[in-house]
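Everything on this sheet refers to the single structure shown next.
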Amino acid sequence: MTEKYVQPTYSGPIRPQSPGVWGLKLLPSLCLGAGVIGALLLSMLTNFLVAGGFAFLAVLAAAPAVIPHKGRTLYSGWSQAWAWRRHRKTGRNHYRSGLSGVNKTGTRQLPGLLTTVELWEARDAADRPFGLLQIAAANQWAVAMSVTAQGNALVDPPTTDEWVAQWGNYLALMGQEEGIAQLASIVETSPDSGQILKAHTQALLHPQGPQFAKDVLLAAAAELPRGVAETAGFVVLTFNESGLGVDRKIHKGNIAVAQVVAAEIGSRLPALSVGLLSSGASVGIPLTAGDLTRRVREAYDPKVVGEFAELDAQEEEVEVTWGDAGPSSHEEEDTTYTHDSGLSRSWEMTKVPTGIFYDDVLKRLLLPIQSAPRKRVALFYHPTDAAEAPSLLDREYKAALSKAGSNSVSKASENMAVMSARQATEDEARGAGVGTVSMIVTATWERDDRVGLKKGTDAIERAVTGSRARVSVVRGAQSAHFAASLGLGLSLPDLSVIPNIARDHI
């Protein structure tokens, strides 16, 4: 008798808990304690009214640090709004390049976070060329690989379960691999322009061929690409320079450092690319420097996609340099980003999927969306070192227990948090990886298509709602999130002006 198949479910990611008062972290808890002590001292030295007034003002000052708003506290939202106003007041939300721009060389230099990113080309241990991205602002290096997902069409459920398990093993490997700071998984959907098919068809036409055959070929080239979307996948690995055995006191000069990093990453890249095969994707193919440059140029100016496709069909080389891959201009607004021929909007995940879900939880978002034809969904995974993972999860479990036990009647969400934390500790003991997860969704329309922007925004937010996650339109940092979702290895937490250690306790 055949055993009935039961589709496995997965527990959602857990939001880090703090054992402080009302879930506050270290610094706010210390400030609260200082306020209580100050009120007690005033009550002893003066009178109750003065102490009560001080306590009231302290509560008013502390409330914005507790009240959540779109995944952040009010203080965090206010500080972001203040930074955006300052950014706009100084005119840094406008950018011009080329001969009339800010660059003396007249090139289209990349703006914002990508200004100091350099691109090198090297070969891995399998003698494959790959582009090596140097992110000098964070002392990090990145390499990108293209993958082709097999999809779940005509695939039996046990095979899908095996792919999910192998992907989990691959993520667990990130915490064991020395020096990896971030793994980014990017799924990009874009309309098929049909330029390659059109150019190929034109090459097949013979001057003396039958007119009917020519008409059929031309009609097929015109009709077939309509409504067709192309889906591409990428996996991007970001390495900390310190974890690659680089010592700038010994390896002096940027070229010497790049050679050491290229040799170290190149020796690991074949195994890291083959490891993706068992997770339902193809073997990772490293993107060359030319591939990365072209991707960036097409992202900032979508109109050139058709032009480049025609050159490919005619077997001509696409000549774009890294120093000339940026936009000729951009206008960064509060919730939109205008760049050359494109108009983009980015969202960030403010709440991870809650409860129990299946492996296709993000399927609606990943599939092509007609009203948002050009879309990128970027999932970022920051692995925790395997040696530190057990103690970290133990703290999370104790914090969840403390929060649930502090109330006489616990909420269902608090009980679920305890169950999720316990499940996470058990999964880690069985070999699962531990890390933080974030997501950025970026969609691009034609520059003047404000109607498409509105329709696409509604469609994307509906698709996310079905996954029980929550996203919010990025405010005041559209260009940074656009750059982060490109798949160039940018790790936004490591590029923040606030150090990770300080941010963990605020």
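Residues that are within 30 Å of residue 87 (Cα to Cα), surrounded by fewer than 21 Cβ atoms within 10 Å (Cβ to Cβ) and among the hydrophobic types (A, V, I, L, M, F, W, C) within the range 118-137 comprise 119, 136, 137, listed in sequence order.
Every condition in (1) out of contact with any helix residue (DSSP H, G or I) (no Cβ under 6 Å at 6 or more places or on another chain); (2) farther than 30 Å from residue 152 by Cβ is met by residue 246 except one, and the failing one is (1).
To keep it simple, each residue is scored yes or no on (1) modelled with pLDDT of 90 or more; (2) under 30 Å from residue 371 (Cα atoms); (3) touching a Cys at 6+ places or on another chain (Cβ under 6 Å).
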{"site": "129", "(1), (2), (3)": "yes, no, no"}
{"site": "147", "(1), (2), (3)": "yes, yes, no"}
{"site": "156", "(1), (2), (3)": "no, no, no"}
{"site": "161", "(1), (2), (3)": "no, no, no"}
{"site": "182", "(1), (2), (3)": "yes, no, no"}
{"site": "194", "(1), (2), (3)": "no, yes, no"}
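Among the numbered conditions (1) at pLDDT below 85; (2) surrounded by 13 or more Cβ atoms within 10 Å (Cβ to Cβ); (3) under 30 Å from the mean Cα position of the chain (by Cα), the only one that residue 214 does not meet is (3). For residue 318, the conditions (1) open to solvent by less than 40 Å² (accessible area, probe 1.4 Å); (2) in a helix (DSSP H, G or I) all hold with the exception of (2). Just to be sure, is residue 257 assigned to a helix (DSSP H, G or I), under 16 Å from residue 134 (Cα atoms), touching an Asp or Glu at 6+ places or on another chain (Cβ under 9 Å) and free of Cβ contacts under 8 Å to residues at least 24 places away in the same chain? Yes: the conditions hold for residue 257.
In this structure, residue 462 does not satisfy being over 13 Å from residue 347 (Cβ atoms) and open to solvent by 50 Å² or more (accessible area, probe 1.4 Å). Counting only residues that are outside any helix (DSSP H, G or I), open to solvent by 60 Å² or more (accessible area, probe 1.4 Å) and either at pLDDT 70 or above or among the hydroxyl-bearing types (Ser, Thr, Tyr) (or both), the range 384-408 holds 5 of them.
For the range 326-351, filtering for residues that are hydrophobic (A, V, I, L, M, F, W, C) and open to solvent by less than 30 Å² (accessible area, probe 1.4 Å) leaves 2.
The values are calculated or read from the model by the stated rules, or taken from the named source; none is laboratory data. Because the structure is a prediction, the values reported are computed rather than measured. Neighbour counts run over all protein chains shown; Cβ positions are idealised from the backbone, glycine included. Note: areas computed on protein heavy atoms with side chains; ligands, DNA, RNA excluded. Shrake-Rupley method; radii C 1.70, N 1.55, O 1.52, S 1.80 Å.
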